[in-house]
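The values are calculated or read from the model by the stated rules, or taken from the named source; none is laboratory data. These numbers come from a predicted model, not from an experiment. Here the Cβ positions follow ideal geometry from the backbone for every residue, glycine too, while neighbour counts run over all protein chains shown. The protein model used for the area step is the full one, side chains on, heavy atoms only, and it has no ligands, DNA or RNA in it. Shrake-Rupley method; radii C 1.70, N 1.55, O 1.52, S 1.80 Å.
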Amino acid sequence: MKIEILFQEVCGLYGDSQNPTYLQATLPAAEFIYTKLTDTPYFVENDPDLIYIGCMSESTQRRVIEKLKQYKDRINQLIEQGTTILATGNAAEIFVKEISYVTENIQTEGLGIFDLAVKTDYFNRYNSMVLGDFEGIKIVGFRSQFSFIYGDNSNCCFMKCVRGDGIHPGSNLEGMRKYNLICTQLIGPILPLNPLFCEYLIGLCGENAKAAYRDAAMDAYHQRLAEFSDPKIPFKHD
């Protein structure tokens, strides 16, 4: 199994660098390709089983978009052929049609996989917890962001929120999905926080593996589920 980690030297904020670490612990026999922002991605000439990209700064986000735009046709091809791709935090936003950086008065075209738009405002940071349901799997995670996604993701959402907001306040539909491309604004990191989802993701790649440190991971997961389900626990944090 081959797993490509994109631009981790600049795309691993808010603990997202621990997603590849957890995958390595779960899949010790897999080959991990760490692609730097200055490199030609492995996926351009090869077919990785899984591609991962994590959270980044907003200025880095623009650099990443410019980098990946030149491979847009290949990225579409990978999505259409069912390659598993996971984008977390604001990496999810690179797949929308347009990003407006309101504070800087900058507009950037995204990869356009989803007909959605992002507004980023540095004067309004949003911090919250999220409890969601994805194909019967409960997902726990966190949000800390300056941006929201706007548009209709009802036919392409990643999961339905049980508590917390989706792509913007008032929405209960979080993230986007197209075939095996999964985009979520959750940070945390999502895979060690959600061992069942980690196993699901690996299953999309045709592998049957148990999440690393499964007993301990599941104990922690159930404790978080209980906390996130407690109505006395506030979800939004200033």
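Ordering 42-53, 5-16 by mean Cβ neighbour count within 10 Å, with the highest value first, yields 5-16, 42-53. The largest accessible area among CYS157, CYS183 belongs to the first residue in CYS157, CYS183, and the rest follow in falling order (1.4 Å probe, all chains).
In this structure the amide hydrogen of GLY188, modeled in the peptide plane, comes within under 5 Å of the amide hydrogens of ASP16, none closer than 5 places in sequence on its chain.
For the chain, the Kirkwood estimate of hydrodynamic radius, built from reciprocal distances between every pair of different alpha carbons, is 17.8 Å. Over what distance in Å are the Cα centres of the range 193-231 and the range 49-99 separated? Value for the Cα centre distance between the two parts: 24 Å. Stokes-Einstein diffusion for the range 167-238 at 37 °C, viscosity 0.692 mPa s, with a Kirkwood radius from C-alpha pairs, works out to 231 µm²/s. Pairwise inverse Cα distances across the range 1-142, averaged and inverted, put the Kirkwood hydrodynamic radius at 16.1 Å. Taking θ as phi - 60° and the Karplus parameters 6.51, -1.76 and 1.60, the scalar couplings of the range 134-146 work out to 10, 6, x, 9, 6, 10, 10, x, 10, 10, 8, 7, 9 Hz in sequence order, x denoting glycine and proline.
Considering only beta bridges that DSSP places wholly inside the chain, some 55 percent are antiparallel. The mean of 1/r over all distinct Cα pairs in the range 33-95, once inverted, gives the Kirkwood hydrodynamic radius of 12.2 Å. Taking the three principal axes of the alpha carbon atoms in the range 128-181, the coordinate ranges are 27, 24, 17 Å, sorted in descending order.
The average projected area of the range 102-153, computed from the convex hull of its Cα atoms over all directions, is 4.7 nm².
By the scheme Lys and Arg +1, Asp and Glu -1, what is the net charge of all other residues having a beta-carbon under 13 Å from that of GLY203? Taking every other residue near GLY203 into account, the sum is -3.
Over all directions, what mean area does the Cα convex hull of the range 76-186 project, stated in square nanometres?
It is 6.5 nm².
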